Amino acid sequence: MAGAKPSYHLADPLTSLPGVGPALAQRMQGLGLEKIEDLLFYLPIRFQDRRQLFPIASLRPGMEAAVLGEIIALQRQQGRREQWLLQLRDASAARLTLRFFHLAPSQRQQWHAGRRLWCFGELRSGLHGLEMVHPEWQLADRADFHLPTHLTPFYASTEGLHQQQWRRFIALALALLPELADPLQGLLPDWPNLASSIRHLHQAAGAAPTPQDREWQRLALDELLAHHLALRRERARAAKQSLAVAIPDPRLWEQLRARLPFTPTAAQERVIAEAVADLARSQPMRRLLQGDVGSGKTLVAAAILLHAVAAGMQVAIMAPTEILAAQLQDRLSTWFAPLGLRVGLLLGSQGARQRRETLAAVQTNDIQVLCGTQALFQDEVTFFRLGLVIIDEQHRFGVDQRRRLLEKGALPHLLVMTATPIPRTLAMTLHADLDLSSIDALPPGRQAIETLVLADSRREELIRRLHRLLAEGRQIYWVCPLIEESEVLELQAAEASYAELQQALPGVAIGLLHGRQRSEEKSQIMEAFRSGALRLLVATTVIEVGVDVPNASVMVIEHAERLGLAQLHQLRGRVGRGTAASMCILLYRAPLSAKARERLRIMRASQDGFVIARKDLEMRGPGEFLGIRQSGERQLRIADFLRDEALLALLPRLAETLERDNPVAVEVLIRRWLGAASGYASIG
Ligand code: ADP
Ligand code: MG
C-alpha cells in the first residue's frame with residue numbers, strides 16, 4: 001500500500017472513497033458533505049484521549065479508559081437475549097469483562113484465547129465485576145495495530161454512520177491534503193497554513209484544539225472571508241447593473257408631510273435623503289436602514305416609496321408576519337388614500353377571489369404599493385413596473401429570500417429595515433452587500449418605559465394593579481411567549497392566561513391573539529384593540545415586531561426569563577409610543593439562572609437598543625448571534641462573530657487583494673464555505 005497513489009482526488013464525490021456507497025454518500029449529503037474535500041472542513045465536535053493505557057486493576061466504574069490485555073475466554077450467555085462475554089486479563093493480573101450483544105460471527109471467530117486485544121469504553125460494575133459494554137476494540141497482535149498517537153476525534157454523525165467510519169474516511173481525505181488549494185497562500189506570512197491547520201484540528205497531538213488556537217483562527221478567517229467575499233460579489237453585481245433612470249419625485253411625499261400630525265425628525269429626514277439619492281442613480285439601491293424599535297422606520301419607508309411611486313414605479317413591501325403586513329397596509333392606506341394611491345395586501349391565507357383581484361390590479365398598476373408576506377415571492381405575482389422592494393424587520397428574512405424577491409423585478413432598488421442594531425465592523429462584514437443608514441434618534445416626547453421585574457408568585461397583586469390602570473383608561477398587552485419552541489403549548493399558555501384574566505377582571509373587554517387564528521380574525525382583533533374596543537390584549541409572540549398601538553402603555557411579559565434580550569427589547573418597544581407614561585412588567589418564574597437574572601437586570605437598566613444588542617452579543621454562546629441564528633440566515637460553521645471579532649478587521653484588505661489578483665481563489669473560498677447550494681457560487 002505504501003507509496004501507491006490513490007485513484008481519487010479531493011474534488012471527487014464521496015462515493016469515490018473506498019467504503020462509501022451511494023447510501024452512505026446520501027446520508028453524508030444530509031450533513032452538507034458532497035465532495036471528499038468537504039470532509040476536511042467537517043471538524044470534530046469533541047476528542048477523547050486514548051493514548052494512555054490503564055492497568056485493569058486501576059479501573060473504576062464511570063471511567064472511560066483504554067486497556068490492552070490478553071483474551072482469556074469468550075462465552076455465550078444464555079438468556080432471552082443473546083449476549084457474548086469476553087474475559088480480558090492484563091499485566092496487573094486483574095480481569096475485565098467486555099459485554100457484546102449482536103456480535104457478527106466474523107468478529108468473534110478472531111477472538112481466540114491468548115490473542116491480545118485493545119479496547120476503549122466506559123466502565124460500569126456488573127455481576128462479574130467491572131465491565132465495558134460494546135467497547136471499541138482492535139486486535140493488538142496484528143501488524144497494522146498501533147496505539148493512537150493523537151487525540152481521538154468524534155464527529156457529529158447521523159444514523160448508520162459509526163465514528164470509526166468517520167475516522168477512516170477523514171484519514172483518507174487528510175492523506176490528500178497536499179492537493180488542497182490554499183486561497184490565502186503567501187498572504188498570511190505569520191499564520192499557520194491551511195493544510196497544517198486542518199490536520200491539527202482533526203488529529204491534535206497535544207491538548208484538544210480550542211477556538212483560540214491559531215489553526216482554528218486560520219479556518220475561522222477563511223470562513224469569514226468567504227462570507228464577506230460573497231456579499232461583496234453581490235454588491236458588485238448590483239453595481240454593474242444599470243437601470244433606466246427615473247428621477248425620484250418629492251411631490252407626493254410633500255403632500256403627506258404637510259398632513260402629518262407631527263414633524264419628521266432630523267434623523268428621519270437625513271436617512272430619507274440618503275435613500276432618495278440612491279433612487280436617482282442608475283445602479284440599484286442596496287441599503288440597510290437601522291433604527292431602534294419605535295424610531296419611526298415606517299414613515300421613512302413611506303417617504304422613500306412615495307418618491308419612487310411619484311416617479312412611476314411600483315413598490316413591494318414585505319413584512320415577516322401576516323399581522324404586520326396587514327397593519328402596514330392599513331397604515332399606508334390611511335396615509336396614501338388622500339394622495340390617490342392604492343395600497344394592496346397579499347397574504348398566503350387569503351381566499352382565491354380576493355387574491356385574483358389583487359393580482360390583476362397589481363399587474364395593471366391599479367395598485368401601486370403592495371404589502372405582503374413571503375406570498376410576494378410566488379411566481380404568479382406579476383408587477384406592472386416593480387421599481388423598489390422594501391423589507392421590514394429584515395432580521396427575520398434570510399439572504400436567499402432577499403435574492404428571490406429581487407429576481408421578481410427588473411433589478412429593482414432594495415431597502416431593508418431592521419431594528420437589530422449591530423456594531424459597525426460587524427455590519428460591514430455581515431451586510432457587505434448593503435449601504436448603511438441609521439436613524440440615531442427617537443421621535444421627541446417618547447416616554448421612558450418603567451421596567452419592573454416581578455416574580456410570578458405576585459400575579460394576583462399585579463392583576464389588582466392592572467385593574468386600577470385599566471380604570472384610568474390605559475390599554476394593556478399581556479404577552480405569553482414561546483414555550484419550548486412549541487406553538488401549541490404557547491397557545492395553551494395564552495388561553496390559560498386569557499381565561500384567568502377574564503375571571504379576575506370581569507367587565508373588562510379582553511381579546512386573545514395568536515398565530516393559529518385566520519388572518520381576518522387576527523386583523524379584527526388588532527383593529528378592536530387599536531380602536532379601544534378591547535382594553536386588554538392577551539397575545540402570543542405574534543405581536544413581537546412592529547405592532548403599533550400608541551394608546552397601549554402597559555405590557556406584561558410572562559416567562560420573561562425564557563426570552564433573549566433582543567426579543568424582550570422588541571416586545572417592550574410596543575409600549576412607550578404614545579403620550580402616557582409607560583410600563584413593562586417582566587414576570588418570571590423562579591428559580592432564575594444566572595444568565596436569565598442578568599438579562600432581566602439589563603432590561604431594567606437600559607432602554608437603548610445598541611446597549612442591549614451589545615450585551616446580547618456578549619452573553620450569547622458561540623455561534624449564536626442575535627438575528628442570525630434566529631433567522632436561520634447564513635450560519636457559521638467554525639467562526640463566531642463575537643469571539644472572532646478581531647478577525648473582521650482583516651477582511652476588507654484580504655478581500656480587495658484577492659479580488660484584484662486572484663479571482664480563482666475567491667471562487668474557491670465561496671464554494672468551499674458557502675457551497676454551490678447557496679446560490680452565491682454561480683458565475684458572477
Ligand atoms: P419602528 O421604527 O419601530 O417601525 P414605527 O414606524 O412603528 O417604528 O413608529 C413608531 C411610532 O412613532 C408610530 O406611531 C409613528 O406614527 C410614530 N412616529 C414616527 N415618526 C414620528 C415623528 N417624527 N414624531 C412623532 N411620532 C412619530
Ligand atoms: Mg416597524
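The values are calculated or read from the model by the stated rules, or taken from the named source; none is laboratory data. Just so it is clear, the model here is predicted, and its values are computed rather than measured. Positions of Cβ are backbone-derived with ideal geometry, glycine not excepted, and every protein chain shown enters the neighbour counts. SASA here: full protein model, heavy atoms, side chains in, ligands and nucleic acids out. Shrake-Rupley method; radii C 1.70, N 1.55, O 1.52, S 1.80 Å.
Of all residues in the range 157-175, those that are open to solvent by less than 40 Å² (accessible area, probe 1.4 Å) and in contact (Cβ under 8 Å) with a residue 60 or more places away in the chain total 6. For the range 296-319, a residue qualifies if it is more than 12 Å from ligand 1 (Cβ to nearest atom) and not β-branched (Val, Ile, Thr), and the qualifying residues are Leu305, Leu306, His307, Ala308, Ala310, Ala311, Gly312, Met313, Gln314, Ala316, Met318. Close Cβ contacts (under 8 Å, 6 or more residues apart or on different chains) running from residues in the range 302-328 that are closer than 23 Å to Arg259 by Cα to residues that are within 15 Å of ligand 2 (Cβ to nearest atom) and modelled with pLDDT under 85 comprise Gln327/Gly546; Gln327/Val547; Gln327/Asp548; Leu328/Gly546. Selection of first residues in the range 97-125 that are within 21 Å of Gly62 (Cβ to Cβ) and of second residues that are buried (at least 16 other Cβ atoms within 10 Å of the Cβ) and among the basic types (Lys, Arg), restricted to Cβ pairs under 6 Å at least 6 apart or on distinct chains, gives the following pairs, ordered by first then second residue: Phe120/Arg50. Scan the range 213-233 for residues that are open to solvent by less than 30 Å² (accessible area, probe 1.4 Å), more than 18 Å from Pro663 (Cβ to Cβ) and charged (D, E, K, R) and the total you get is 2. Inspection of the range 554-563 identifies no residue that is touching a residue at least 12 places away in the same chain (Cβ under 8 Å), within 13 Å of ligand 1 (Cβ to nearest atom) and open to solvent by less than 20 Å² (accessible area, probe 1.4 Å). Looking across the range 419-441, the residues that are within 16 Å of ligand 2 (Cβ to nearest atom) and at pLDDT below 85 come down to Ala419, Thr420, Pro421.
Only one of the numbered conditions (1) under 23 Å from Met313 (Cα atoms); (2) modelled with pLDDT of 90 or more; (3) loosely packed, with under 14 Cβ neighbours inside 10 Å is violated by Ala244, and that is (2). Across the range 30-47, a minimum of one residue is classified as outside the structural domain of Ser92 (by TED's automatic domain parsing), under 30 Å from Ser92 (Cβ atoms) and of a type outside the set (A, V, I, L, M, F, W, C). One residue stands out among those in the range 445-468 that are assigned to a loop (DSSP other than H, G, I, E, B) and within 34 Å of the chain's Cα centre (by Cα): the one that is surrounded by the fewest Cβ atoms within 10 Å (Cβ to Cβ), which is Ala448.
Given the residues Ala236, Ala208, which is the only one that is surrounded by fewer than 21 Cβ atoms within 10 Å (Cβ to Cβ) and in contact with a strand residue (DSSP E or B) (Cβ under 9 Å, 6 or more places away or on another chain)? Show your work before the answer.
Working: Ala236 fails: in contact with a strand residue (DSSP E or B) (Cβ under 9 Å, 6 or more places away or on another chain).
Among Ala236, Ala208, only Ala208 is surrounded by fewer than 21 Cβ atoms within 10 Å (Cβ to Cβ) and in contact with a strand residue (DSSP E or B) (Cβ under 9 Å, 6 or more places away or on another chain).
The criterion of being within 16 Å of ligand 1 (Cβ to nearest atom), assigned to a loop (DSSP other than H, G, I, E, B) and in contact (Cβ under 8 Å) with a residue 24 or more places away in the chain holds for Val547.
The conditions of being within 16 Å of ligand 2 (Cβ to nearest atom), among the β-branched types (Val, Ile, Thr), crowded, with 21+ Cβ neighbours inside 10 Å and modelled with pLDDT of 95 or more are not met by Val293. Report, by residue number, each residue of the range 528-543 that is touching a residue at least 40 places away in the same chain (Cβ under 8 Å) and within 16 Å of ligand 2 (Cβ to nearest atom). Thr541, Val542, Ile543, listed by residue number.
As for the range 63-73, it holds at least one residue that is touching a residue at least 12 places away in the same chain (Cβ under 8 Å), over 31 Å from the mean Cα position of the chain (by Cα) and farther than 23 Å from Leu147 by Cβ. Taken over the range 356-394, the residue count meeting the criterion of being touching a Ser or Thr at 6+ places or on another chain (Cβ under 6 Å) and buried (at least 22 other Cβ atoms within 10 Å of the Cβ) is 1.
Inside the range 251-295, residues that are assigned to a loop (DSSP other than H, G, I, E, B), farther than 15 Å from Leu436 by Cβ, polar (S, T, N, Q) and within 16 Å of ligand 1 (Cβ to nearest atom) make up a count of 2.
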